[in-house]
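Working notes for the structure below.
The values are calculated or read from the model by the stated rules, or taken from the named source; none is laboratory data. Please read these numbers as outputs of a predicted model, since none were measured by experiment. Here the Cβ is made from the backbone with ideal geometry for all residues, glycine too, and neighbour counts use every protein chain on show. For the accessible areas, the whole protein counts, side chains as well, though only heavy atoms, and no ligand, DNA or RNA atoms are used. Shrake-Rupley method; radii C 1.70, N 1.55, O 1.52, S 1.80 Å.
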Amino acid sequence: MAVETREEDAIRGVVERLTSAYDETCTPEQVEAAVATAHTAFSERPVRDFVPVLVERKARALLNEAQG
């Protein structure tokens with residue numbers, strides 16, 4: 001399996017977990033936007049192994065910040 005495919009699968013998992021975790025406070029579209037924003041922040045990083053974990057942390061922070 002290619003690195004890109006593994007990362008894409010992991011990012012889809014992040015979206016699913018966060019959609020479930022924030023289902024009472026955020027729409028799925030808001031979660032997807034936060035994950036996309038977080039993922040973009042790591043797009044130029046050469047080491048991809050930890051990107052999904054970092055994306056999830058950053059997306060959670062963005063979603064928590066948006067909630068006030």
* Karplus-derived 3J(HN,Hα), 6.51/-1.76/1.60, for each residue of segment 53-68, Hz, glycine and proline x -> 5, 5, 4, 4, 4, 5, 5, 4, 4, 4, 5, 5, 5, 5, 6, x
* Within segment 38-60: backbone nitrogen closer than 20 Å to the Ala21 label point (7 Å, Cα to C-beta) -> 38-43, 49-60
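Using helices alone, what [θ] at 222 nm do you get for the chain, with -39,500 (n - 2.57) per DSSP H run of 4 or more residues, divided over all residues and rounded to the nearest 500? Don't jump to the answer; show the numbers that get you there.
Details: 3 runs with 50 residues, N = 68.
Theoretical 222 nm ellipticity from helices: -24500 deg cm²/dmol.
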* Filter the trypsin sites (Lys or Arg not before Pro) in the chain down to the DSSP loop ones having no more than 16 other Cβ atoms within 10 Å, then list what survives. => Arg48
* Asked: Carbon and sulfur: what percent of the chain's accessible surface (1.4 Å probe)?
  -> 52
* **Heavy-atom accessible area per residue - the chain, 1.4 Å, Å²** => 70
* Structure fact -> In segment 1-65, the chymotrypsin sites (Phe, Trp or Tyr not before Pro) that sit in a DSSP loop and have at most 16 other Cβ atoms within 10 Å of their own Cβ are Phe42, Phe50
* **³J(HN,Hα) computed for each position of segment 13-22 - Karplus, 6.51 cos²θ - 1.76 cosθ + 1.60, integer Hz, glycine/proline x** => x, 4, 4, 4, 5, 6, 4, 5, 5, 10
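Can you tally the net charge around Thr19? Count Lys and Arg as +1, Asp and Glu as -1, for every other residue whose Cβ sits under 14 Å from the Cβ of Thr19. Don't skip to the end; give the middle numbers.
Values: positive: Arg12, Arg17, Arg60; negative: Glu16, Asp23, Glu24, Glu29, Glu32, Glu56.
With Lys, Arg at +1 and Asp, Glu at -1, the neighbours total -3.
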